[in-house]
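Notes follow the structure.
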Amino acid sequence: MTRPSAESGATRTRWILGGLVVAGSALLAEGRASAEEPSGPAAPAEAPAADERTARGRAAFLLGVQRSKDAQWGEALAAFEEAAAARDAPIVQYNIGFCERALGRYVAARRTFRRVLASADGLAPAQLDDARAFVAELDELVVRVAVTLDPAGTPLTVDGRPLRLDTEGGTRVFVALPAPAGRAEAPAEKTFTVELDPGVHLFRAARPGRQDAFVQKTYRPGEQATLDLRLELLPARVAVRAEPAQALVRVDGREAGLAPIDIERPPGKYRIEVVRDGFETYAATLDLHAGQRADLTAKLVPVRPSVLKTWWFWTGAAAVLAGGAVVTYALTRPPPPYDGGSLNWVAEPTAIRW
């Protein structure tokens, strides 16, 4: 497949000047209609006056013709677009499409020529034939990329421009053209087709909580290609601080390091523990989302010593135990042997009274 051949100067002049004659006639006709309306007393005969918009459109159109003759296509396009904003007509759009084609903006030029063919009032048969030929030619030059985007519905830009849905050709495709007022919608499909001009293009897909996807590709005229864009989930990050510092941090029972520390984990639930000798263990459960940034400060509380671990408790306990042993011995020891004494009396205690 070959690029469109360069048009000869004579042929290009025929197209542009042909448009000038038709568009100039239309603009002048509007001017006469305005001048012929009742306006009071008769005035001296003079050239018909045109309204301001018509005059501005005519001047911009003439400038576009002159820039086209000089092959200054960018300036010619700007002039024709200004003319269209003032007084649009099929022949003005025809010349806009011609400039877009000359600048290599094949997708935009094809759209413009399709609109011309849909509303061709005032165009000569030769210009209509040329418009049809241009559409067929540009169809073969446009690049088509089958894009698979995961997750679906992620906003995608090409060369910094949001995609626009184009159904003028009878198929559902997306093109990277200047978007109208308002925010362009992201393709809802996971797989869709993007039509581009040949050359270098930068694809960027961005979605909260996922890693941006950047891909730069170069395409030849008429190339058909595929492109897979997968946005990976971003890890969650937790900044763990401890008061006092240098406490051990555990994540789901595994040691992660000493606080302060930054921890990265995939999205999910995690149990964070902060441990230091002499302090109560701090524990928290976090439900982390993709790309989340969280701060966790563990204020450790000193451990209150148990009464069982104090010296005075055990000293007192030893004394109590010793006293108890004496009393127990006194209560439970057997009576000493007694031979009755000199009076041969025997006394047997029946109870102990306090």
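Coordinate-derived values only; no laboratory data. Note that the structure is predicted; figures quoted are calculated from it, not measured. Cβ: placed from backbone, ideal geometry, glycine included. Neighbour counts: every protein chain shown.
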| Given segment 183-266, what whole percent of its Cα pairs are spread farther than 23 Å? | 51 percent
| Summing +1 for each Lys or Arg and -1 for each Asp or Glu, what net charge is found among the other residues whose Cβ lies under 10 Å from the Cβ of residue 215? | +1
| field | residue 304 paired with residue 206, simple spin-label distance in nm, labels 7 Å along Cα-to-beta-carbon | value | 5.4 nm
| note | Within segment 137-240, DSSP-loop trypsin sites (Lys or Arg not before Pro) with at most 16 other C-beta atoms within 10 Å are 172, 183, 190
| query | Shape call for segment 108-262 from the C-alpha gyration tensor, a ≥ b ≥ c root eigenvalues: rounded (a/c under 1.5), prolate (a/b greater than b/c) or oblate? | reply | prolate
| query | Based on Cβ point charges of +1 for Lys and Arg and -1 for Asp and Glu, what charge dipole magnitude is obtained for segment 86-228 about its Cα centre, in debye rounded to the nearest 20? | reply | 380 debye
| Which of the aspartates and glutamates could a cross-linker bridge to residue 190, judged by Cα under 13 Å and excluding same-chain residues fewer than eight apart? | 150, 228
